[in-house]
Structures are given as structure tokens and as C-alpha cells.
2 protein chains.
Amino acid sequence: MSLADQILKGDIRSASRLMRQIDDLDPAATAELRALFPHTGKALVLGVTGSPGAGKSTLTDRLVAQYRAQGKSVGVIAVDPSSPFTGGAILGDRIRMQGHATDPGVFIRSLATRGHLGGLSRATGDCIRVMDAMGREVVIVETVGVGQDEIDIAQLAHTTLVVVVPGMGDDIQAIKAGILEVADCFVVNKADLDGADRMVRELTAMLELRHAVREKPMDHDAHHRMVRAKAEGRPVEAERQGPEEWEPPIVKTVAARDQGLPELVKAIAAHHAFLERTGEKAARERSRARSQFLSLLRDRLLRAGLDRLERQKGKLDEVAERIARREADPYLLADELASAAS
Amino acid sequence: MSLADQILKGDIRSASRLMRQIDDLDPAATAELRALFPHTGKALVLGVTGSPGAGKSTLTDRLVAQYRAQGKSVGVIAVDPSSPFTGGAILGDRIRMQGHATDPGVFIRSLATRGHLGGLSRATGDCIRVMDAMGREVVIVETVGVGQDEIDIAQLAHTTLVVVVPGMGDDIQAIKAGILEVADCFVVNKADLDGADRMVRELTAMLELRHAVREKPMDHDAHHRMVRAKAEGRPVEAERQGPEEWEPPIVKTVAARDQGLPELVKAIAAHHAFLERTGEKAARERSRARSQFLSLLRDRLLRAGLDRLERQKGKLDEVAERIARREADPYLLADELASAAS
């Protein structure tokens, strides 16, 4: 029986093996992924992202407990920033999740893949598919950091939670352009710390500003109701003419003390209902399919291009040496190699 | 006269124009870059990276002043995290550098490029080449964030400064695997805050740990001298059998009050001397050439692959739709398109 067949029956060891192959960029994974692909598309995929130190792992852990209490099977993919040189993954955060170690309904895997040839978001997308195909009802992808990789990964999710903590006001400035655009829900974690309300106000102001820039004005009362609801952590849908829009709610949690989690689960469910009601879910599926296909294509094209380079011009390192000496023209070489692909 | 000819004469407006073309992914930039390429390789390239809020822009600003005082012409490339959706760049940090606005010896450009088809590190590498070709003796690349993009960009530099601030101990844990591997010099900025010495000790401990894992033991006295020197912010080269190795110094600064800058410039110079003495500089040039060529190749191959997709299978969005409905197999499609490139 193939790995894929075992995985379709829910076998955890086979799924682990395939995800290790994906993480190791083992070409053998492709045949299994092809066999699994028609069986994917059923899981609810959640992204959890935000700055280091925001308590994402603890929040994920508590979120898992909530879904387990609902009787749902859960998969967690923890994407670790790893060295491009040593390839090592940070395991510290994972230890916090060992409370679920004996629960077969919780399946946790860390991903370490980095670097040019692989593509972290491609590996993450493939691992989501494995967990989806094996029947996990909720798949949570936790990423560390605020870079492009994390934005790409957030786009693999149906609902993306952006986790912030009080007192990181300066950081908001720095992260807002990228990460905040992908937020379906803000979580102000460690909300027992000073400055939690200020953080909620700052996020609210930021959302309003974005609103004002993007949209036609809504009437004053509707706007007031929306602002109030957001400040109280209730999910909000804009009351306005035109297509229904999602206003990211702001939920306060203290994950370490298990506070605010039911509200968060409710906000996620409200977002999911919004996605289904408006047809946005299908649009996100298309967008996921598009970005996953692009990652895959980029990876395969580069591998093929490098094979071609090696046959025609020599090994990559030798070519790089000639480029470094200004004896070869990288722009010309790239165009020559690409012309075959077109 | 072509843009490239103007740039080789040092013309700032032409350089600005070409860098805007690079940032906009304008294909017209390629011919100019090809013409400039043989004239590159002379500038000292510094990378400044670290978490948001570490004061990188202020530090860069003060570093520029140091090099200007040495009579060197300087280029600064500020890589802003920008939304993959709106494409907007954050301009706030740039304002801090306006002290140099009237100095023709300082040329500052912000880069915003993000997203799949472009590649931030490729655009950054091309802009470094423009500044190099136009005769800037020092080119400083400042990045915000700690993701893969920033690691890629750090690898474009001869010397990479990783800027940290006291009190971000938790973050160290999160960022060390990636960013710390690329550090040639640590800068503990805002060193007048509580916890600066603790931060120096933590970094020192981390470097020692890495050392212990990687290397044969050095004798006790040599080790002691190295630890002392690092704690005092002096550049250190390991005293050991075997090839000479660089031990990243830890320099304390208060950039906002212009403190510690001469020591930092000295540490950078020591690193550069090390690079030249050991042949490591040529090795880094090769590695830069390699990664820049890979970025370029990946970009060109993907463009060509997408052209081919559109001719043979339909527009990307239509193909994505078929994939989302599980009517098309993304793995098979990618392999078919890549086979032409091999």
C-alpha cells in the first residue's frame, strides 16, 4: 500500500514520513502528493502569525484545546525560522505543546525548510494538503516572524490571526504594511499587561484609517456601531451599500491563562460563515491554488534551469566564479536559459 | 547618451531613474544593468539588519556621517517591507535621514518591491550594482525584519551588522537561528537602556555555544582572551590552529546620541581587513554572484514559464480556478512546463 493510501486512511506515521520528505525536498514526495491532491480541500486552515515573543505557540496550544473540546481532529504545522546554513529548527516552542502529546486527535509537525531551491511556503502548502487529505478537520499553521515568507504562508489559510502584544507600538508601525493586510482577526495576547487597551485603540484607529482610504464613507451611526463592536472584540461586518465586507475583529486573550479563547473561536467561526456566505471562500481557494501553483512552478523551473546550466555552461559554482570575475554576464546567461522555457 | 553612460559618470538623476525601473520590474532596466555590470565590484557593501524598533535607520544615518567625515561617498538603499497588495512603502524612517538631504555625497533610495515575480533580493542586488557602478565607495543596505528576504539581502553584503536592543531577550531566541548566522558584527544599540550588558552577555554566550558546537576546543587562555575582548567590544580573531576565523565583535552604540560609532567603524574596517587577508572576500564575491544569478535566473524562468502556460493552457487565473476545483493537477502541470527548461 502506498504512503498516500495509508495517509488517506489517517495513518499518522505515513503522514509524518511524507511531510519529512517534503521538508527534505525529496522528489519522491511528488507522486504521493499527486495521489492525495483530489482528496484535499475539506479542512479549515487557520494561520497564526505575528512578531517573535507574541505568544503564538501558547495561543495555538490553547486553540487546539478548544477545537478538541468540540470533538474536532486537529493538525498543527509549526514553521520555524531556521538557519540557511545549518538547516536546524528551533524546538523550544514545540515543548509547550506537549500537553497534547498523548492525544491522537492532535498531530503536530515542525517544518524547517528554507533556502532558494525549496521555498518555505511551497513546503507548508504541501504539508497542509497532507493533513487535509488524512482527514484533519482543522489545520493550524503557526509562523514566526513578519517577512514575505510569513505573508505567503498566511495566504494559504482561510482565516489568518495576527497576534500582537501590548507595548509593541513601534513594531506596529513597522509590521503594518505587510502583515496587517493579511489579518482576518487581530489577537491582542497577554492582554493582562499594561497597554492592552491602548493597543486595541491603535489597531482600531489603523483599521479605520485603512477604511477611510479605501472605501466610500459609511453613514455616521453605522460607523459608530462598528467602532464600538470592534473595541469590544465582537466580530463586525460593515453595514454599508455594496458588497459585504469583513471588518477584522480585535480579540483580547491571555493564552497562558486560557482567557479569551472561546471569544476567539467564535470570531473565527464568524469569519468562516462570512467566507461561505459571500463566496469569498471559493475566491480564497482560487487564490491559494494560484499561489501554491506558482511556488511549485518556480521550484520546478529553477531545478530544470539549473540542470540545463550545468550541462551547457558548467556547474553553478564555476559559473558564479566567472560572474564574480566579470568574465560572464549573468543577465545574458539568465535570458539564454529562460528562452528554452518560453 | 544612455542611462548607463550617465550613471558611470556619477549622475544621480539617471541612477534614480534606473533604480525606479528596477523597483518597478521594468524590463528596460536589463540592458542598462548589463552595461554597468563590468564596472561593478569596487564598493564596500554593508548590510544593516535586525528587528523592527532596534533603531537601524538612526544607526545607518550616523554611520553615513562617519564615512562622510572620512571623505567617502555613500549610497544607502533602504529596503522597506511593503504590502504585497498595495505596494506601498513606509516612508517614516526615511525622514530621519534628511540631515543628509543636501549632501551630494550621500545618495539615499528606498526600495519597495515585493511579491512573487520580482524578488526583493534581486532588486536590491541590482540597486547595489547601480550605486557601485556610479562610484559610491560605501553602499549601506538597511532592511527591516528578520525573514528569509532579509537573510538573502544580508548575503549581498561584505559585512553584515545585526542590530539588537536591550530587553529583547526573548526575541534573540527566535531570531538567532536565521539572522545571527549572517552576523559579522553585533550592534547593541540603545546601549544606555537597562539590560545592555545583559544583552552583551547573552550574545557572547550564544557565540561561545556556537563555537563549542562547531570547532575543536581552543586552549583555555586563548578562549579567555577572546571572551574578554568580545565583552569589551573589540574585534576578535580566534587564536587557534587551522584556518583563521572571524569572531563577530559586539559593539555597543547609542546611535541617537552618536555614541559608539567610531568603534563600530573600526570593527567594520577590521572585518574588511580580515576578508582581504584570508581570501574570504573573494569567496563572498563568488557567493554574492551565485545568489544574485540564482535570483535573476528564477525570475526569468518564471516569467518565461508563465508565458508558456498562458499560450498552452490558458491564463494563470483560469488554471488556478481549475486547480482549485481539483480538475487540474498542479504537480503534473508544473512538471510539463519545466520539462521545456531542462
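The values are calculated or read from the model by the stated rules, or taken from the named source; none is laboratory data. Given the structure is predicted, the values throughout are model-derived calculations rather than measurements. Don't worry about glycine lacking a Cβ; one is built from the backbone with ideal geometry, like all the others, and counts go over all protein chains shown.
Tabulated results
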quantity: Every pair of residues 6+ apart whose Cβ atoms lie under 6 Å, when the first sits in the range A:278-296 and is touching a residue at least 24 places away in the same chain (Cβ under 8 Å) while the second is polar (S, T, N, Q); calculated: A:291/A:155; A:295/A:121
quantity: Failed condition for residue B:166, given (1) modelled with pLDDT under 90; (2) within 24 Å of residue B:290 (Cβ to Cβ); (3) of a type outside the set (S, T, N, Q); (4) part of a loop (DSSP other than H, G, I, E, B); calculated: (2)
quantity: So residue A:61, is it more than 19 Å from residue A:296 (Cα to Cα) and buried (at least 17 other Cβ atoms within 10 Å of the Cβ); calculated: yes
quantity: Residue pairs meeting the criteria (Cβ under 6 Å; at least 6 apart or on separate chains; first at the interface with chain A (Cβ under 7 Å from one of its Cβ atoms) and more than 13 Å from residue A:301 (Cα to Cα), in the range B:313-342; second of a type in the set (Val, Ile, Thr) and buried (at least 16 other Cβ atoms within 10 Å of the Cβ)); calculated: B:330/B:323
quantity: Sole exception among (1) of a type outside the set (Gly, Ala, Ser); (2) in contact with a helix residue (DSSP H, G or I) (Cβ under 7 Å, 6 or more places away or on another chain); (3) surrounded by fewer than 18 Cβ atoms within 10 Å (Cβ to Cβ); (4) assigned to a helix (DSSP H, G or I) for residue B:5, by number; calculated: (2)
quantity: Condition met for residue B:143 (modelled with pLDDT of 80 or more and facing chain A (nearest Cβ under 10 Å)); calculated: yes
quantity: Segments classed as helices (runs of 4 or more DSSP H), wholly inside the range A:243-342, with at least 1 members that are within 26 Å of the chain's Cα centre (by Cα) and aliphatic (A, V, I, L, M); calculated: A:261-278, A:280-313
